Amino acid sequence: MRDGQQSSPLVTSIQNWFNGLPLCTKSVFVLITGIYLFQLVTGYDNIYGVCLSPYEAVAHYEVYRLLTSVLVHGGLLHVTFNMLAFVPMACSLERLVGTVQFTYLLLLITVLAGLVYTAASFLLFYSHVLPAAMRQCAIGFSGVIFGLIVVDNAQSAASHRSIFGLFTVPAAYYPWALLLFWQLLMPSVSFIGHLAGVLVGAAWVGGYLRPLALSRPATAWLEACSGLSSCVRMPSFMMMPGATLPFTTHDTRGGAGGSSSSGTGGEGGSSSSRTPTFGPNLANLGKLLRGGGGAGASAADGAVASGGGADGADAEAGGGRGGAAGGSSVFQGTGRVLGGTGGVIGGTPAVPPSAAAALAAEARVGGPAGGSSSGGGRGGAGTDKMQR
């Protein structure tokens, strides 16, 4: 390019889009796209050496296949559709939970989905339902994408989701409907691989994988360690959101909290689990921004439980010094109750400086339209391998 010559608007738009991707999302996109281009240029076609073959993974201890299989794709349409499904959804989730938490979640879904796929294949083999399952060869990132779809769907406040604009289904059944619809549309793809991703995502959202979750102290330590300092300094690195931000996967609701000016806690009510609703959480933060020393925000209405009393410190389990509040907000990726230093102190709202950016990220994930993903794409029907 000559001096003074400006790049075309298309090139500028692509550069701006790429530079705006969060670090983990960008890295996965570059890695998978680069591997496909390497296959294309070199003619590498030894798919069986890197695919997820349950027999090879167990009989020969080739556990590396759990990772290599998701990075290789069977054709241009296969990799293109997968990346079109992955990138928008991954951007929203990474901005919501931070780069470290999202990277860990991505690795966890990858490994667990591979293990579930392997176990299911052996079960089908020994039960004589599908004798060929043990030697099938699965490749592609869509099993992981289906796991992320479940997580992304849990963050959405939408009551219904659209299946490729053809019809809508209740949001609670969206991942399962997408799984079945895609199998009918593309019978050659790996149903077991997609199902494994959905099951792992459902286990994460349901809290069954809480012992494997990366805690907030561990996340903060990783963000502060010298080994990741070069990554943390990158503009695309997303720090872990402040502890008072109102995002949740499950909300345990109880009775009303006490007045923030008096420090007396409210009575605890009956707790129940519900799917996330971002509207009340955002409305609650608005109350904090406008509120004075009057009645404190109900612990059942938001992710922040304000204590009031002598020092007004936030209570991670709700209620502060005034007593136990009835509600608490939990995000499955942290494995602990969200509670920070924000809250109402002496009747004056103290909101962390990062709240505006985090709320913008949350709005992208929890808006009426729901998470952005239509499902994992698949390309070409292979005869010796299953694409997922």
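FYI, it's all coordinate maths here, none of it is from the lab. Not measured: the values here are computed from a predicted model. Backbone-built Cβ (ideal geometry, glycine too); neighbour counts: all protein chains shown.
Things worth noting here:
- Approximate spin-label separation Tyr48-Asn19, in nm, with each point projected 7 Å along Cα-to-Cβ: 4.7 nm
- Close amide H pairs (under 5 Å, H built 1.01 Å from N) link Arg161 with Val169, Ala171, residues at least 5 positions away or on another chain.
- Sequence-distant residues sharing a close amide H with Ala138 (under 5 Å, placed H): Leu52, Ser53, Met386
- Cα gyration tensor category, rounded, prolate or oblate, for the range 1-113 with a/c compared to 1.5: oblate
- Loop chymotrypsin sites (Phe, Trp or Tyr not before Pro), the range 50-101 (other Cβ atoms within 10 Å of the site Cβ: 13 or fewer; DSSP): Tyr61, Tyr64
- Taken one residue at a time, the phi angles of the range 152-167 give Karplus couplings (6.51, -1.76, 1.60, θ = phi - 60°) of 5, 5, 5, 7, 8, 8, 5, 7, 9, 10, 8, 9, 6, x, 8, 7 Hz. Gly and Pro are set to x.
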